[in-house]
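For reference, the structure is listed below as structure tokens.
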Amino acid sequence: MIYEETYQYLLRNVSSTEFNTCLYALLHSDWDGVIQSPLHMMARGVGTTEKYLRQIIHKFTAPQGSLKKVFMPVHQGEDVLYKFNLGPASNLDYNRNTDRYCKKYRFFYSAAFKALTIHGKRLLLMGAFRMSVLKSEEVLFDYHEIVPDSRSPFTRQRLLDAVAAIHDALGQIVKISFASRAFSKKEVLVFTFTEGVLEHYKENRAERALLRRTIFNSGYLGHINDSVCRELERVGKYIFRSFLQEATNISNDIQKELQKLARFVYSHSLKKFGQALPANKQLLLAPKQASAYLSKIMYNETLEQMVKYAHQAESIKSLLERVHFHRNISEKSLRRVVNDLEMAKHIEPILHKYQQADFIRNVLNDWCDTWLISRVKTVTEDLRAEGKRKSTDDCKQVAANIWLALETIHMASWIGC
């Protein structure tokens with residue numbers, strides 16, 4: 001999706017090739033916003049040379065006054081990739097109540113669009129964005145919305161040139177005409193897109209490619225079909241959304257840590273899933289079973305991380321309780337007696353680390369508990385669906401036994417790890 005922040009940036013701050021680079025990044029970013037393409041593939045997709053693309057990346061990763069950096073370097077193993085930094089990282093962060101966006105329409109990635117001047121691209125993006133928001137293939141702009149004043153990127157002549165260029169390159173996709181409002185006589189610009197264009201958009205498959213690559217690198221060399229991929233992605237999206245939902249209105253540090261944890265749990269679980277596939281190839285014939293298998297691995301990974309954060313929180317808490325230790329450090333540093341307010345200031349960073357570790361521990365613990373409860377409900381429903389001759393009380397007893405067993409494992413892991 002091309003969110004409002006990205007849309008506004010493209011309208012004013014990029015060259016024609018930089019425009020193409022941003023659109024490419026949006027189509028090839030994973031759920032964290034990291035562009036999953038090597039430089040040579042990215043250059044080919046953008047329609048430029050590797051040398052010029054490096055110059056664009058240098059600009060996008062450098063401070064630009066009050067503007068945000070467009071790209072942020074991300075180290076993944078020995079590779080340096082780039083995170084697209086404008087707008088939400090992906091549709092996982094999408095809020096249907098507040099976010100306005102434009103779909104990644106197919107014509108944005110055509111050779112004809114890439115060859116347009118920057119003014120042609122901006123004008124067509126304006127029309128496409130409004131089409132997407134209004135869900136209508138005919139939209140209009142008041143003239144002053146496009147050429148409001150002398151500070152606008154458009155002048156009358158640039159607008160006329162952009163319209164002509166769009167008609168020459170993409171006339172089969174859209175017609176742009178000037179008209180006037182019936183009552184006010186104000187000049188308007190009408191975009192009439194070809195029927196069906198509204199639903200002709202590209203889907204981001206970067207995460208799916210990353211999923212297949214992760215499983216391949218884990219040792220399974222076979223093909224994972226799309227139906228299985230969709231089910232595995234569904235489980236991955238669940239853990240991302242669960243973790244990020246808990247981080248609403250929480251400090252940025254905690255949000256980033258939870259997002260890193262979601263990625264770690266999902267990626268590490270996919271590796272274990274791939275390692276188990278040679279002995280469990282039947283999972284590839286049953287997408288729901290494959291996702292259930294991955295979900296169980298993810299539960300164990302999340303539980304392990306929860307234990308680590310529980311131990312971390314307890315260790316920091318023990319350190320916080322050593323009041324005399326902190327007072328001695330403060331007094332040695334300041335070479336005088338310190339009061340309680342100064343003591344509180346001294347331990348504030350440690351307290352922050354404790355609160356962060358404890359918050360994350362709670363999030364992971366809640367997720368594990370929710371997983372256990374949902375598993376009990378699933379087992380109970382499966383027993384009834386199979387038509388076994390069991391009464392409701394029998395089903396409840398089986399569910400209770402399963403819950404007790406799972407809860408015992410849960411608590412034993414929490415205490416013993």
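The values are calculated or read from the model by the stated rules, or taken from the named source; none is laboratory data. Since we're looking at a predicted model, the values are computed, not measured. Heads up, the Cβs are rebuilt from the backbone with ideal geometry, glycines too, and the neighbour counts pull from every protein chain shown. Side chains are part of the model used for accessible areas, which takes the heavy atoms of the whole protein and leaves out ligands, DNA and RNA. Shrake-Rupley method; radii C 1.70, N 1.55, O 1.52, S 1.80 Å.
With a 1.4 Å probe and all protein chains kept in place, how much accessible area does ASP142 have, in Å² rounded to the nearest 10?
30 Å²
Would you work out if segment 34-189 is rounded, prolate or oblate? Take a ≥ b ≥ c from the square roots of the eigenvalues of the alpha-carbon gyration tensor; rounded if a/c is under 1.5, else prolate when a/b is larger than b/c, oblate otherwise. Walk me through the intermediate numbers first.
On the way: a/c = 2.02, a/b = 1.75, b/c = 1.15.
Prolate shape, in that a/c is at least 1.5 and a/b is the bigger ratio.
To the nearest 20 Debye, how big is the dipole of segment 1-147 about its Cα centre, given +1 on the beta carbon of each Lys and Arg and -1 on that of each Asp and Glu?
Numbers: 18 positive and 14 negative charges, 62 e Å.
So the dipole magnitude of segment 1-147 works out to roughly 300 debye.
Taking the simple approach of a point 7 Å from Cα along Cα-to-Cβ for both SER180 and SER227, what is their distance in nm?
Between SER180 and SER227, the label points sit 6.1 nm apart.
Over 18 Å between Cα atoms: which of LYS121/LYS175; LYS114/LYS202; LYS175/LYS202; LYS59/LYS103; LYS317/LYS353; LYS202/LYS237 fall into that group?
Numbers: LYS121/LYS175 14 Å; LYS114/LYS202 16 Å; LYS175/LYS202 22 Å; LYS59/LYS103 26 Å; LYS317/LYS353 10 Å; LYS202/LYS237 20 Å.
LYS175/LYS202; LYS59/LYS103; LYS202/LYS237, as the Cα separations exceed 18 Å there.
Is the C-alpha gyration tensor of segment 198-274 telling us rounded, prolate or oblate? Criteria: a/c under 1.5 is rounded; beyond that, a/b larger than b/c is prolate, otherwise oblate. Working shown, then result.
Numbers: a/c = 2.61, a/b = 1.37, b/c = 1.91.
Because a/c hits 1.5 or more and a/b fails to exceed b/c, segment 198-274 counts as oblate.
Please sort by residue number the trypsin sites (Lys or Arg not before Pro) in segment 116-170 whose DSSP state is loop and whose Cβ has at most 12 other Cβ atoms within 10 Å. Spell out each step's value before the answer.
On the way: sites: LYS121, ARG122, ARG130, LYS135, ARG151, ARG156, ARG158; in loops: LYS135, ARG151.
Passing both the DSSP loop test and the Cβ count: LYS135, ARG151.
At a Förster radius of 25 Å, what calculated FRET efficiency corresponds to the Cβ-Cβ distance of ASN362 and ASN300, to the nearest 0.05? Walk me through the numbers before you get to the answer.
Working: r = 19 Å, r/R0 = 0.76.
Once rounded, the FRET efficiency stands at 0.85.
So, R0 is 35 Å and r is the distance between the beta-carbons of LEU67 and ALA276; what FRET efficiency does that work out to, to 0.05? Could the numbers behind the result be given before it?
Details: r = 47 Å, r/R0 = 1.33.
So the FRET efficiency works out to roughly 0.15.
If you consider only alpha-carbon coordinates, what radius of gyration and Dmax does segment 13-122 have, in Å?
Rg, Dmax (Cα atoms, Å): 14.0, 42.
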